[in-house]
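Report on the structure given below.
The values are calculated or read from the model by the stated rules, or taken from the named source; none is laboratory data. Remember, it's a predicted structure, so these values are computed and weren't measured experimentally. Note that each Cβ is placed from the backbone with ideal geometry, even for glycine, and that neighbours are counted across all protein chains shown.
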Amino acid sequence: MRTTGLRLADRLPDRFGSLRTRLALLYSTVLFVLAAVMVGGIYLGLSRALADEPTSRLARFEQLATDSVAEAVNGEEVAFAPQESADRPWLVVFEEEVNRRALERLRAYSFTALVALFLGSLLVGWYVAGLVLRPIGRITSVAREITATDLSRRIDLGGPSDELQDLADTFDDMLGRLDEAFEGQRRFVAEASHELRNPLAVLRTNLDVVMADDEASPEDFRVAGVVALRAAERMSVLVDDLLLYAHHERPDADRQPLDLAVVVAETVEDFGAAAAAGGVVLEHHPGAGLTVLGDAAALRRAVANLLSNAIRVTDAGGIVRVDTGGDDDRVWTSVIDEGPGISADHLDDVFQRFWRGDRASAREAGRSGLGLAIVRQIAEGHGGRATVRSQLKEGSTFTVWLPRYLSGAGGN
């Protein structure tokens, strides 16, 4: 009822002022119309009842009128008797006059009551509208207090479980998601700035030193240039990965049904030369019929990141194995390496942005620390997840799980 009233009040013209005023007018108008219809019905019913069944038509009242007139004539007291005609006895005339006056009084009282009811309903409507809109006022006040730097406020609307309660809860959920998104953005900017600061510091320090040395030789400039080039390459790799990370956050990627086994097989084939160059044996155990609804380029990037890490951490002569499979609901692909493994304390951190097992060697090699974060992001963007199992000195197994695409059901 409360939501219906809000919708009806919203349709009133803006010249009626605030929503509270429009609700008050709406309530008052509805109550006035109902009362007018009820009073009008009573008036019409009463007037028809008096016209259809006049008391003067009853035989006993006609006899009473005749006897009364006869007694009045014999007693010579006939002044009170009205003038009557041959077809309209005086009792009928008297009754019509009484009925007319009764209906006039009823009509006057009804109009007075309707005017008083309308004025009273305005006051009641104003009060009721205030009660109805009080939760909206709380929502408005909280929304005004929220700033771009502080999204911690919540409405926490109490009261019965109704449409306004659902609105407040939805607004709180939205604030929670926005707060989490803004906090994630702030962390991302801080982490990216920190990662960019190191190569920039190296580049600037080396250039400042060689430029400040008046006796610097061409060889000194060449060495400083080589260092600056390596720092620029690390920044380039980081910026490229940042762009990829931002790209895979977009929800509007074009996804089509595809066979994950084909995507994995093509990626494994692409890394055959890199594995051979590092003396690593690359084994592939393909699956079949592993249909998913996905972005082929993104899934290829996820598998490539896992393969690149596995080949890098595996010593010459070691084996990197790639498996694919699935069941009725899910499909998966795993990359298993024979690297140094990951300690149990770090298993929860490997998919975080800018995490590196060996920070010094990672920076020296120009790695951004975003590869596994991109893998997790791609998996979650496809409705799946990325997991890792590892033990020190025994290698690691990284797995991407995705929901199977069921063409007969029209989706995942």
Practice problem: Quick one: count up the residues across the stretch 344-381 that are of a type in the set (Ser, Thr, Tyr) and either modelled with pLDDT of 85 or more or buried (at least 21 other Cβ atoms within 10 Å of the Cβ) (or both). | Solution: 1
Quiz item: Any idea which of (1) in contact with a strand residue (DSSP E or B) (Cβ under 7 Å, 6 or more places away or on another chain); (2) modelled with pLDDT under 85; (3) aliphatic (A, V, I, L, M) is the one residue 406 doesn't satisfy?
Solution: (1)
Quiz prompt | Complete set of residues in the stretch 167-223 that are surrounded by 11 or more Cβ atoms within 10 Å (Cβ to Cβ), of a type in the set (Gly, Ala, Ser) and under 18 Å from residue 373 (Cα atoms) | solution = 181, 184, 192
Exercise. Considering every residue within the stretch 197-215, establish whether at least one is at pLDDT 75 or above, under 23 Å from the mean Cα position of the chain (by Cα), of a type in the set (S, T, N, Q) and part of a helix (DSSP H, G or I).
Key: no
Quiz prompt | Residue list for the stretch 318-343, restricted to those being farther than 28 Å from residue 187 by Cβ, β-branched (Val, Ile, Thr) and buried (at least 17 other Cβ atoms within 10 Å of the Cβ) | solution = 320, 322, 324, 331, 333, 336
Quiz item: Do you know which residues across the stretch 286-309 are in contact with a Leu (Cβ under 6 Å, 6 or more places away or on another chain) and either surrounded by fewer than 19 Cβ atoms within 10 Å (Cβ to Cβ) or more than 15 Å from residue 384 (Cα to Cα) (or both)?
Solution: 296
Quiz item: What are the residues in the stretch 277-312 that are free of Cβ contacts under 8 Å to residues at least 60 places away in the same chain, closer than 13 Å to residue 335 by Cβ and part of a helix (DSSP H, G or I), if any?
Solution: 304, 307, 311, 312
Exercise. Tell me, please, whether a residue that is in a helix (DSSP H, G or I), modelled with pLDDT of 90 or more and either closer than 20 Å to residue 390 by Cα or not acidic (Asp, Glu) (or both) can be found in the stretch 245-260.
Key: yes
Quiz prompt | Qualifying residue in the stretch 313-334 (condition: assigned to a helix (DSSP H, G or I), under 26 Å from residue 281 (Cβ atoms) and modelled with pLDDT of 85 or more) | solution = yes
Practice problem: May I ask you to list the residues in the stretch 372-397 that are in a strand (DSSP E or B) and of a type outside the set (A, V, I, L, M, F, W, C)? | Solution: 385, 387, 389, 390, 391, 395, 396, 397
